[in-house]
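These notes concern the structure reproduced below.
The values are calculated or read from the model by the stated rules, or taken from the named source; none is laboratory data. Just so we're clear, the structure is a prediction, and the values are computed from it rather than from any experiment. With ideal geometry, Cβ positions are generated from the backbone for all residues, glycine too; neighbour counts draw on all protein chains shown.
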Amino acid sequence: MAELELEKIVGSEYVFDHPTFLDEYAEDLSFNPRIKPKGIVRPANTDEVQRIIQWANKTQTPLIPISSGPPHFRGDTVPGIDGAIIVDLSRMKRIIRIDPKNKIAMIEPGVTYGELQSELAKHRLCAYMPLLPRRSKSVIGSTLEREPIIRPSHHWDSTDPFLCAEVIFGTGDKFRTGEASGPDTVEEQWEMGRFQMNPFGHSHIDFQRLISGAQGTIGMVTWATLKCSYLSEISRALLVPSENIEPLLELGYLFTRFRLSGALFILNGLNLACLLTHEPDEINKLRNLFPSWILFTSFEGYGILPKEKVEFEETDFRMMAQSCHLHPQDQIFGVKADDLLKLLSRPSTEPYWKMRFKGGFQDLFFLTTLDKTPRFIHTISNLSSLYGFPSEEIGVYIQPIVQGTSCHCEFNLYFNPNQINEIEGTKKFILEASKEIANHGGFFSRPYGGWKEVAYSKARGTLAMQKKIKQIFDPNGILNPGKLCF
Amino acid sequence: MKLPKEAYQALEDIVGPEYITQEPEILDTYNQVWGNKFFFDEKHSVRPSAVLLPATTEEIQAIVRVCNQYQILFKAFSSGFEYLSLSLLHGKGILLDLRRMNRILEIDAKNMRAVVEPYVSVYRLQLEAAKFGLYTGRIGVGYSAGVIAAECCHHGCQHTMVFTSGYGRNVLGVEWVLPTGEVLRMGTGENGEDLFSADGPGFSLRGILRGRTGANGGHGIITKASVKLYPWYGPPEWEQTKQPGEVLSLGQLDDVLNGYKVFIPTFRNLDDTLEAAAEFCRAEILYALGIGIIGAEVIPEGNDEHWAMIQKMQNADPDQREGLDLFKNSVVLVIGGQSQREIEYKEKVIMAITEKWGGSFLPQYNNQRSLARAFADIIWSTGVNLRATGDFLPSSSSPDGSPDMLKRLALLEGKVKEKYEKSGAFMPVGSIEKRMVSWRPEEHLSIGAQGISTAIYDPFDPFSLKAAREFINELFDPRSQFKRFGIPSRGGCLQIEPVTHVHQNWGHLYDHYDVWLRKIKKMLDPNTVADWTAYIPPDYPDYPKEGDYVLPSYGKEENNF
Amino acid sequence: MAWQDYVHDMQRCTRCSYCKWIPYRYVRNTNFMEGCPSISRYHWHAFSASGKFNMAYSLLLERIEITDTFLDILYKCHMDGSCDISCKVQQDLEPLQLMQELRMKCVEEGQLIPAHMSVIEGLQKEDNMMQSLKADRGNWAKGLDVKNLTKEKADVIYHVGCRYSFDKELWPVARAGLNLLQKANVDIGILGAEEVCCGGRAYELGYVGELMKYAEHQREAFQTAGVKTLVTPCSDCYASFKVLYDKIGKKLGIEIFHITQYLELLIKTGKIKFNKKVPLKVTYHDPCHLGRLGEPWIHWQGKEKKGLGPMIIHDPPKKYRRGANGVYEPPREILRRIPGIDFVEMYRIKEYAWCCGAGGGVIDAYPDFAIWTASERLKEARSIGAEAIVSACPWCKRNFLNAIKETGDKIEAYDLIEIVQSSI
């Protein structure tokens, strides 16, 4: 019955219920329980998405929105309850409009970073990238998840680079957020010089903040506008090695405080090795050469004086580094910073960089401030010995966000997915570690899987309010049940 | 009206007799503010039943609970310099004057944030933050604006937003007394941690905090907020001085502060000016930008002195008169840098872009005194523009969007305004023939800019007032040409829903945003005790009638009981 | 202008609240940015100048009446003019004049403050504001070799005012002032027991008749004495003679000097020379009546008109008193010249100085408020490391002494005369 109704909406070729397909969506690479969906539907446009949601409301069918291709890692795309339909938005792949003057791209949810970057480059623009996303990652998916971008000074607010969106709420109502919210069609708005660039509102609500970080529980986005950056005419990159993380954090503070405009993040040696090479042996070899910590930065030359921009930023950065007693390098152990910069402008090559070392991984990330990251590194290190998780198999990624006012702190727990004991060890470790991190003030702003209990146990007021808001936008609770606090 | 005795007693028990009043002499000082005459047809809006001066969040919670118990409207404010912050729907309402909550609780220099209480003004925070090499942007209502009001509660925009953003984008944490009396602490604050993120877990409750417009007290009271700070390149202290015998308004900096430079290029025509301005913004070099807004000239002592200056200029020779129009094609550019190298780079960019668009640096603007004056004006404030006629109307819908849109809107609106200026109802800004266009860029123009224009009128001059109302109605008729441009919030978001019915008239044009907003209002405020005059009612009343956009339905105390 | 004539000001007060603060661009320390003691102490908006505009407008529209609350608010104000100065940086309004007119209206209608009634009764009976006997007025000068102008002629009259005449603790200051002038060979005399109140303080309380009466009396007395110049060590008296008499059309027709102005002349012309070091870190407190309220009166008669459409202008152009021409430099110049003195400025100075707390009748009717205001000033003086606060008015010194006594503050309060005397 469900199938028939859905076929009427999207056409029979886009509704799937073959067990093979259902199995694919029943689980991902996280430790979340396996729950098989009832079917998969792949709409082509807003109208179809809206009709699917309206249908689901009538039939009380849970819907799980997905825009990225596999593999999935965080459990947010796996049904939380039985009988769900996966709404796979990956067919919606249009890059609707690129506005080189205002530096905006309007895209559909199925567009990946690789696709977007290629198109933007034609207009001398580039996307704000997270750290080497997997090839199948949806740009809108990543943005809505508040995945941090690697250029912290251009990250003014946690929702960046997200501007406006068209969304179908859980009620089945269509809405356009920010400047996009009417009147007229988008095309008519363009005629008036309205390019859906301003994210505020509409009116007394910031709707875009309710759909980002929501894991698809409030609405499904059918297009979004994103702010983009100029494509650099000339770029430079540097690596800053250090055995201690503290001086790098100081440098990170200086960089963000004075708004140097390029990329900046800190990795431990293992993660840098994972970014750069594919084979575990090579990774091991490299990480043994590397110092404990490496700060990566770039200087982006665009605008009317690109060369001068890069020169001034690099020189100032070197002065800042000097004040922290650090020595920026063009390359370390044969790894050229400029080569890494090129790598960072595209999605990860296959295999995804986090799968290269041991095949499996689990991320543990949260928000804190840069000055507190050593405390968490220490905590994780202590816990790893307590739980027998090899500390040398933990990657670390520290990304200043919101112009340096906080940072994304990520531990990547690498394990062999074919070893039951490693799986079990990782499971246990990640659960305990998340509790410890929360107890030490780490903030699970984006709670996936098991972290949600930890996060919400410390956010009772937020939980109560989110439930009320959910009641407004998705009163029947059809959107991604089981996620967040729903 | 008087509150029921037991309700008053309950409130008095919370704050103590010294900090509550129902004396009419005092109450009537909480309902007279600029703009009232335009909106309510008299200087007085509704007289509150009582005014309270709470000192803590706990007191506010308790007050709000009493309001729920006795069905009393409440609204809180800090500086109170806006009719939005003092207007009440009806007389069974109280105001909470938050001036006793005036602490800067924290400045975390490293993580660039400040945590403040409601009565901390923007300028006070600027002065304190400068000691740590930090800065908080300004908004357009002058020095006394509250930080929390600006960031969490009201609409406000200004020239520093190119660098410091605004509209709630700087909020890192909030303590919010909901209309039910519960306290919501967003994000990290809920767990007693440092207030560095208000987002999550999960979707951000900042989504219902303020939007673009600010809830203006319509959904509770913000008692504490953590806000982002930005680099301050200048010295930790500075002095604006004047010569003995000079009036205070002549006080100014001797020079642009170290760490900053100011340039005022002038271009040949409007198109070049706006294109150049956009390029300056997108070059990511600016600390502040003002188009056609040059505070480089001496601030006149008063209106009569100003009038004398104008007359002198009007009597000047044609060349000089031509010079008067130049300011409309001039742009104030402020750059700052942590190193000489940074400043030099930014200066080179300014020179290159100026040359590209055929601009030049006129000596009358680009001299030490004028540049220092322009710097202080654009970085802090010179106050509020109410001297000339006693009032002004932020007349456009003040939308945000692309520079192209804002230019079209300004020119269109200018045409409408022209007839009122020619008739003498509005004070012309610049010459009528050469229309000025100005917008305020946000975040290096990466998310657009805010357009604004004002009608300077005298609300106590019947001719001028009538014109102002006609003008606004023409602009805000949902059937008019203006509807397509942006946000239907009358007068720079200074709208009073019971009078203007903006949500009611315009909501359907804008994807029915008002339906969601009313649901949120109902959810947050089940007993409708948070005054919604500058927010939205849970349910619309029967009016308005077709074509009737200013109804004399508000401002009478006897209404709505 | 009567209070009702300020209706446009009432309508045009925007509630910007700048009247509550010193002019923002002059704020240097955020702990000392408040300008108006009344709103700072009592919090309700009514206590600010804006609140007074609001109350007046409500009164005009008969929304409220003059009640005890109204009087309480109106009179818990030092009439120090700080609000007036700050307001006029933003607007062309006259808050202080409105407050003055409101007080006059209250008196006219018999709406009086009991504490002030006693003072005025004393004044009417004994010609002084100190509730003391007229006969004792000249006692401060007992034993001094000084011309009595009722009997002898002199070029200059030394008018000490009510506070110096009857506040024994301050007599040494009054005597020292006279002594300094005599030593500089100024041909000077006093009226002794025949000196009367200037009437200025009574006027501030709303008793305009008293000011008229005393202005006329003084004019006659000075003419009879044949003096060409008046020197007073009291800032209140200075403002009365210099400003208020002119305001009400009763100019004295002689030169009026505050003693600091006169001493500065004598120092500059070498008639007073400093011989001793005064090793003291001091700050200077501008008395309101010498500073912003000491600015000469500007007469204007005309009407409001419009220019450039609705712009509010005047015919003839109206020059507002914005405080710039008060007496600020002479006392500072003297301090700078005294050897050994380490002179440091507070954060609120000159036009936007914080009041000492004595003015406007507050010291009589609300002594706790007077002490509070003074204490706030002493805090400021201490914050810049001053060992002493120097003023140029007996009312300031009296109120500072009271506050020091009350609070146990470790700071000295001097009149400038005392500092000058110490260095000679």
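Of the residues contained in region C:199-220, one or more are found to be farther than 30 Å from residue C:112 by Cα and either modelled with pLDDT of 95 or more or among the aliphatic types (A, V, I, L, M) (or both).
The combined condition, being more than 20 Å from residue B:50 (Cα to Cα) and free of Cβ contacts under 8 Å to residues at least 60 places away in the same chain, is not fulfilled by residue C:77.
Restricting attention to region C:34-57, report how many residues are at the interface with another protein chain (Cβ under 7 Å from one of its Cβ atoms) and not polar (S, T, N, Q).
Filtering region C:34-57 down to residues at the interface with another protein chain (Cβ under 7 Å from one of its Cβ atoms) leaves C:43-46, C:51, C:54-55, C:57.
If we keep only those that are not polar (S, T, N, Q) as well, we get C:43-46, C:51, C:55, C:57.
Of the residues in that region, 7 qualify.
Return the residue satisfying two criteria in turn: it lies in region A:401-423 and is aliphatic (A, V, I, L, M) and surrounded by 20 or more Cβ atoms within 10 Å (Cβ to Cβ), and of such residues it is nearest to residue A:365 (Cα to Cα). Ranking the candidates gives A:413 first. Identify all residues within region C:299-327 that are at negative phi and within 7 Å of chain B (Cβ to nearest Cβ); write none if there are none. Passing the criteria: C:307, C:310, C:311, C:312, C:313, C:314, C:317, C:318, C:320, C:322, C:324, C:325.
For region A:240-262, what are the residues that are part of a strand (DSSP E or B) and surrounded by fewer than 23 Cβ atoms within 10 Å (Cβ to Cβ)? Reasoning before the result, please.
Here is the first cut: in region A:240-262, the ones part of a strand (DSSP E or B) are A:240-242.
Once the filter is applied, which keeps residues that are part of a strand (DSSP E or B) and surrounded by fewer than 23 Cβ atoms within 10 Å (Cβ to Cβ), region A:240-262 yields A:241, A:242.
Close Cβ contacts (under 8 Å, 6 or more residues apart or on different chains) running from residues in region B:416-429 that are more than 8 Å from every other protein chain (Cβ to nearest Cβ) and assigned to a helix (DSSP H, G or I) to residues that are surrounded by fewer than 18 Cβ atoms within 10 Å (Cβ to Cβ) and of a type outside the set (D, E, K, R) comprise B:418/B:432; B:422/B:432. Annotation: of all residues in region A:187-205 being more than 7 Å from chain B (Cβ to nearest Cβ) and closer than 28 Å to residue B:497 by Cα, the one that is surrounded by the fewest Cβ atoms within 10 Å (Cβ to Cβ) is A:189.
So is residue B:109 of a type in the set (A, V, I, L, M, F, W, C), within 11 Å of another protein chain (Cβ to nearest Cβ) and buried (at least 23 other Cβ atoms within 10 Å of the Cβ) or not? When the stated conditions are applied, residue B:109 does not pass them.
Residues being aromatic (Phe, Trp, Tyr) and within 18 Å of the chain's Cα centre (by Cα): count how many of those fall in region A:406-460.
Going through region A:406-460, the residues aromatic (Phe, Trp, Tyr) turn out to be A:411, A:414-415, A:429, A:443-444, A:448, A:451, A:456.
Okay, now just the ones that are also within 18 Å of the chain's Cα centre (by Cα), so A:411, A:443-444, A:448, A:451.
Qualifying residue count for the region: 5.
Number of residues in region B:117-153 that are touching a strand residue (DSSP E or B) at 6+ places or on another chain (Cβ under 7 Å), among the β-branched types (Val, Ile, Thr) and either away from chain C (no Cβ under 12 Å) or over 18 Å from residue B:381 (Cβ atoms) (or both) equals 3.
This table checks each residue for (1) at pLDDT below 95; (2) more than 19 Å from residue B:168 (Cα to Cα); (3) aliphatic (A, V, I, L, M).
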{"position": "A:102", "(1), (2), (3)": "no, yes, no"}
{"position": "A:133", "(1), (2), (3)": "no, yes, no"}
{"position": "A:141", "(1), (2), (3)": "no, yes, no"}
{"position": "A:163", "(1), (2), (3)": "no, no, yes"}
{"position": "A:166", "(1), (2), (3)": "no, yes, no"}
{"position": "A:175", "(1), (2), (3)": "no, yes, no"}
{"position": "A:193", "(1), (2), (3)": "yes, yes, no"}
{"position": "A:209", "(1), (2), (3)": "no, no, no"}
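For (1) crowded, with 24+ Cβ neighbours inside 10 Å; (2) free of Cβ contacts under 8 Å to residues at least 60 places away in the same chain; (3) in a strand (DSSP E or B), each residue gets a yes or a no:
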{"position": "C:283", "(1), (2), (3)": "yes, no, yes"}
{"position": "C:296", "(1), (2), (3)": "no, yes, no"}
{"position": "C:317", "(1), (2), (3)": "no, yes, no"}
{"position": "C:323", "(1), (2), (3)": "yes, no, no"}
{"position": "C:330", "(1), (2), (3)": "no, no, no"}
{"position": "C:334", "(1), (2), (3)": "yes, no, no"}
{"position": "C:343", "(1), (2), (3)": "no, no, yes"}
{"position": "C:362", "(1), (2), (3)": "yes, no, no"}
{"position": "C:372", "(1), (2), (3)": "no, no, no"}
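Of the residues making up region B:196-225, those that are facing another protein chain (nearest Cβ under 10 Å) and of a type in the set (A, V, I, L, M, F, W, C) are B:196, B:198, B:203, B:205, B:208, B:209, B:215.
Scan B:212, B:206 and give me the residue that is at pLDDT below 95, among the basic types (Lys, Arg) and farther than 30 Å from residue B:339 by Cβ.
Values: B:206 fails: at pLDDT below 95.
Step by step, each of B:212, B:206 is checked, and only B:212 is at pLDDT below 95, among the basic types (Lys, Arg) and farther than 30 Å from residue B:339 by Cβ.
Scan the helices (runs of 4 or more DSSP H) fully inside region A:106-219 and keep the ones with 2 or more residues being touching a helix residue (DSSP H, G or I) at 6+ places or on another chain (Cβ under 6 Å). Full working, then the answer.
Values: elements: A:113-122, A:139-144, A:186-191, A:207-211.
Once the helices (runs of 4 or more DSSP H) in region A:106-219 are filtered for at least 2 residues that are touching a helix residue (DSSP H, G or I) at 6+ places or on another chain (Cβ under 6 Å), what remains is A:113-122, A:207-211.
When A:330, A:339, A:363 are screened for being under 19 Å from the mean Cα position of the chain (by Cα), more than 14 Å from chain B (Cβ to nearest Cβ) and charged (D, E, K, R), only A:363 passes.
Run down B:171, B:177, B:183 and say which single residue is under 27 Å from residue B:232 (Cβ atoms) and among the hydrophobic types (A, V, I, L, M, F, W, C).
Details: B:177 fails: under 27 Å from residue B:232 (Cβ atoms); B:183 fails: under 27 Å from residue B:232 (Cβ atoms).
Being under 27 Å from residue B:232 (Cβ atoms) and among the hydrophobic types (A, V, I, L, M, F, W, C) holds for just one of B:171, B:177, B:183, which is B:171.
Scanning region B:11-36 for residues that are assigned to a helix (DSSP H, G or I), surrounded by 21 or more Cβ atoms within 10 Å (Cβ to Cβ) and within 12 Å of chain C (Cβ to nearest Cβ) turns up B:25, B:26, B:27, B:36.
Name the pairs whose Cβ atoms lie under 6 Å apart, with the first residue in region B:509-520 and more than 7 Å from every other protein chain (Cβ to nearest Cβ), the second β-branched (Val, Ile, Thr) and crowded, with 24+ Cβ neighbours inside 10 Å, and 6 or more positions between them or separate chains? Every condition considered, the pairs that remain are B:518/B:536.
If the condition is being farther than 11 Å from residue B:513 by Cα and facing another protein chain (nearest Cβ under 7 Å), then region A:169-182 contributes only A:179.
Yes/no per residue for (1) within 13 Å of chain A (Cβ to nearest Cβ); (2) at pLDDT below 90:
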{"residue": "B:321", "(1), (2)": "no, yes"}
{"residue": "B:325", "(1), (2)": "no, yes"}
{"residue": "B:328", "(1), (2)": "no, yes"}
{"residue": "B:331", "(1), (2)": "no, no"}
{"residue": "B:334", "(1), (2)": "no, no"}
{"residue": "B:338", "(1), (2)": "yes, no"}
{"residue": "B:346", "(1), (2)": "yes, no"}
{"residue": "B:356", "(1), (2)": "yes, no"}
{"residue": "B:365", "(1), (2)": "no, no"}
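Scanning region A:374-400 for residues that are surrounded by 23 or more Cβ atoms within 10 Å (Cβ to Cβ) and either part of a helix (DSSP H, G or I) or within 13 Å of another protein chain (Cβ to nearest Cβ) (or both) turns up just one, A:400.
Elements of the type helices (runs of 4 or more DSSP H) sitting completely within region A:1-91 and holding at least 1 residues that are hydroxyl-bearing (Ser, Thr, Tyr), in contact with a Lys or Arg (Cβ under 8 Å, 6 or more places away or on another chain) and at pLDDT 95 or above: these cover A:46-59. Is it true that some residue in region C:218-231 is among the hydroxyl-bearing types (Ser, Thr, Tyr), under 28 Å from residue C:167 (Cα atoms), buried (at least 19 other Cβ atoms within 10 Å of the Cβ) and touching a strand residue (DSSP E or B) at 6+ places or on another chain (Cβ under 9 Å)? Taking every residue of region C:218-231 in turn, none turns out to be among the hydroxyl-bearing types (Ser, Thr, Tyr), under 28 Å from residue C:167 (Cα atoms), buried (at least 19 other Cβ atoms within 10 Å of the Cβ) and touching a strand residue (DSSP E or B) at 6+ places or on another chain (Cβ under 9 Å).
Restricting attention to region B:488-506, does a residue exist that is touching a residue at least 60 places away in the same chain (Cβ under 8 Å), within 14 Å of chain C (Cβ to nearest Cβ) and more than 29 Å from residue B:93 (Cβ to Cβ)? Checked against the condition, which is being touching a residue at least 60 places away in the same chain (Cβ under 8 Å), within 14 Å of chain C (Cβ to nearest Cβ) and more than 29 Å from residue B:93 (Cβ to Cβ), region B:488-506 yields no hits at all.
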